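Each remark here refers to the structure printed beneath this line.
What follows is calculated from the coordinates using simple rules that are stated; it is not laboratory data. Quick caveat, the model's predicted, so the values are computed rather than measured. Counting neighbours? That spans all protein chains shown, and the Cβs are built from the backbone with ideal geometry, glycine included.
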Amino acid sequence: MELSGHTFRHICNIEPVRNEDGTVQLFAPQDRYTKRDAYPLNHYGAGPFCKFKISNRINESGVYVFVIGDAVHYIGECANLSKRFNMGYGNISPKNCYKGGQETNCRVNNLVCEAATAGREIALWFLSTADYKTIELTLRAANRTAWNRI
C-alpha cells in the first residue's frame, strides 16, 4: 500500500477473540483494578474492549496504519510493533482505563472493537523506519483519518 509516497507492507488483519457464536468477545478490565474507587475512569475507560494480537516477531520501529475497506482510519508510530499491539492496543490493562492510564490504548481498542462487531475487516499495514516520529507527523498532517485525534 502506498501512502503519501511511502510503501507499507501488510502485516495482518486484526482478528479479535470471538465467542463460540462468532461474535466479538467483550471485556471490561476496569472492573479488576484494585484502586478503581480512588480514580475516575478516563474518557474512554468504560469500553467495551476486545482482545487481539499480532505476531510477536515484528520487533521493528515504524509507522502503522489501520485500513478499513479502502480508507486509512488511523496512523500511529511505535518503537516496537509487536509490543505496541500485543501489550498495548490488543490487551487493555485495568489501570489503563483510569485517569493517568493509557487513554489512547483504550480509545483505539474500543474503535477496533466497534468496527469488528459491525463486521468490518480491519487491516494492519506497516512501514519499518527509524524515523517513525517524523514520518508519522507528516502522514497525519497530510491524511485526515477517522480515528486520529487532531
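Structure data summary
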{"quantity": "Angle between the chain longest axis and helix 132-142 axis [Cα atoms, degrees, rounded to 10]", "calculated": "80"}
{"quantity": "q = 0.11, 0.12, 0.15, 0.20 Å⁻¹: log10 I(q)/I(0) that the Debye formula gives for the chain, counting C-alpha atoms only", "calculated": "-0.42, -0.50, -0.77, -1.27"}
{"quantity": "Value at 222 nm in deg cm²/dmol, rounded to 500, when DSSP H runs of n ≥ 4 in the chain each add -39,500 (n - 2.57)", "calculated": "-6000 deg cm²/dmol"}
{"quantity": "Entries in Lys53/Lys99; Lys99/Lys133; Lys35/Lys95 that, when Cα-Cα distance is taken, lie over 19 Å", "calculated": "Lys53/Lys99; Lys99/Lys133"}
{"quantity": "Principal axes of segment 50-95: Cα extent on each, largest first, Å", "calculated": "32, 24, 18"}
{"quantity": "Magnitude of the charge dipole, segment 2-142, Cβ model with Lys/Arg +1 and Asp/Glu -1, debye to 20", "calculated": "520"}
{"quantity": "Helix 103-117 vs. the chain, principal-axis angle (Cα, 0 to 90°, nearest 10)", "calculated": "90"}
{"quantity": "Loop-located GluC sites (Glu not before Pro) in segment 1-97, at most 15 other Cβ atoms within 10 Å (DSSP)", "calculated": "Glu20"}
{"quantity": "Cysteines not pairable in the chain (beta carbon separation under 4.7 Å absent)", "calculated": "Cys12, Cys78, Cys97, Cys106"}
{"quantity": "Stretchable slack from Lys35 to Glu15, in nm (0.36 nm times residue separation minus alpha-carbon distance)", "calculated": "4.1 nm"}
